[in-house]
Amino acid sequence: MKVVHQMRSQLINTQMDTDLPPTTTTAAASKPVITQLQDVYEIVNILSGGIETLNDDQQRLSNESLQIQIQLQTLTEDFPQIKSSEEESHSFLKGVEQNQNILSQDLSSLKEKINDMQHVSYDGTFVWKITNFKEKMSKMNA
């Protein structure tokens, strides 16, 4: 718009500087004015096209911003649920770990029983297997 005003003022100044009286205009003098007006018209059209493009870009960016705000709000609302779910998973895993430890102890106990049963004699002789004999003897000697 500033360019259009500047060109308009230049046209007015050019017309005022002309030696011809205002009532008598020749075809040669009016031709540059028409050419300049056509140039101004083309510039205004280009500028208005640019303004339309900028308005479209602004609208698109506003829509994208709104979508991002909605996504952010959704994520903010979902965050406590996710955190709670993570805490529940952590508690569950601790329970699984405790169960695994218990099962491991049961397995060790079953292995020991099976090991003890392997040394059973059926010929009337009693044999006792003392587990951890060295450890027990060291405790007794201490």
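The values are calculated or read from the model by the stated rules, or taken from the named source; none is laboratory data. Everything numeric in this text was worked out from a predicted model, so none of it was measured. Counting neighbours? That spans all protein chains shown, and the Cβs are built from the backbone with ideal geometry, glycine included.
At-a-glance table
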read-out: Lone qualifier among K111, K129 - being in a helix (DSSP H, G or I), surrounded by 10 or more Cβ atoms within 10 Å (Cβ to Cβ) and more than 46 Å from the chain's Cα centre (by Cα); value: K111
read-out: Residues within the range 71-117 that are under 18 Å from N132 (Cβ atoms) and hydroxyl-bearing (S, T, Y), tallied; value: 2
read-out: Residue match in the range 40-50 (condition: at pLDDT 85 or above, closer than 30 Å to K2 by Cβ and under 34 Å from the mean Cα position of the chain (by Cα)); value: yes
